[in-house]
């Protein structure tokens, strides 16, 4: 039995590595297509580009491993079934549970690795990738100019270009964003942008310069020009690394996020205490003051101890106090809602760090019996069948995350419901395999669709 387990695990490794490489390559190409505009043409060293790509491979691997486990299980058990090795094992008295156990051990090992990876490696890689991506984006801001959009990456200025053709700009407008006494606006029909050292140079043609004294609006100057060179010193012409301790939810381990959730619990309790204080102290004070006025009223003489103006002033003061108290209560309520929303977001990420690794076990529970029933071990068959489960799993995962972030469902059920759904199907398929109820002939299914298509064409 030990040899059988070793043999089955050895059958899982090659398709797992193959599918992992293919999936990582697909995700990486998609990432590179989106990030190519931020990377290329900025004079960044190749080692920095490779570092940026390597840092982003971490989150790709976190997504690719569960997918690879499913494809590997389909291919390995499908090949064993296609070559009648499953039949031979059954004839030798090996149960389906014993045959799937090596696959589950392999899946548990992958899940344990992913839990460690998601908590100890992935957060730091995500943090470094975000910081390096921001540094790359800020480098050479002249290359981030887009038609019809304001560019605020140039220190002290906002630039609007209606049309851009390489270095040639048309219909250029430059605003001075600095808090100075003189507000400057420059317009030009055409311009050319170049980099000289650590300076951004704009050669403008056929335009105007408008200068307005902010402290004295009567001082206004308008200058027309046929040619004007505008130079802006910029420090980040080369890549400068930045550091920060601030981390997003996907840049933190589960322990870090739990600590953050506890801090938010403390803040929520403090907000509730303030809310109770506003309700009890301020509002009760207003009603207490009004009751004291009523107590001074002489019923026999029907004479108020206060004049009408004093009564009006007292009522006005009370209304202002009530309005201010209501505003304070509303502010605390909104603060509590924001704290709870942040808690939900962190709780979702905590659950995700364990639910996605557990998907390795769920996918093995589905892939092994499905491969045996399908009797197909090819990569194309494994990928096509897996794609259906990927779509179902990630659809439920993304939808659950959105609902949990809004507080509509529990973060636990949001992240674990895809595993429960796919896992239930895996239990059904395993039961079917244990009872030895037939098999799914993919050639027969393909033939049905082929014959149906032929009839539709009139053959």
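Just a few scattered comments:
- Distance between modelled label sites at residue 105 and residue 214, nm, 7 Å Cα→Cβ extension: 7.3 nm
- Distance (nanometres) between label positions extended 7 Å along Cα→Cβ at residue 173 and residue 3: 8.2 nm
- Ranking of 181, 352, 341 by count of other Cβ atoms within 10 Å, fewest first: 181, 341, 352
- If R0 equals 35 Å, the separation of the Cβ atoms of residue 223 and residue 49 corresponds to a calculated FRET efficiency of about 0.20.
- Taking the fewest neighbouring Cβ atoms within 10 Å as the starting point, the ordered list for 391, 422 is 391, 422.
- Averaging the Cα positions of each part gives two centres, and for the stretch 74-111 and the stretch 397-425 these lie 30 Å apart.
- When each of the peptides 325-334, 213-222, 125-134 is scored by how many other beta carbons lie within 10 Å of its residues on average, the order from highest to lowest is 125-134, 325-334, 213-222.
- Using all pairs of distinct alpha-carbon atoms, the Kirkwood hydrodynamic radius of the stretch 46-112 works out to 14.4 angstrom.
- Hydrodynamic radius by Kirkwood, which averages 1/r over all alpha carbon pairs of the stretch 6-105, in angstrom: 16.0 Å
Read-outs throughout are calculated quantities, based only on the coordinates presented, and are distinct from any laboratory measurement. Keep in mind that this is a model prediction, so the values were computed, not measured. Glycine gets a Cβ as well: all are built from the backbone with ideal geometry, and neighbour counts include every protein chain shown.
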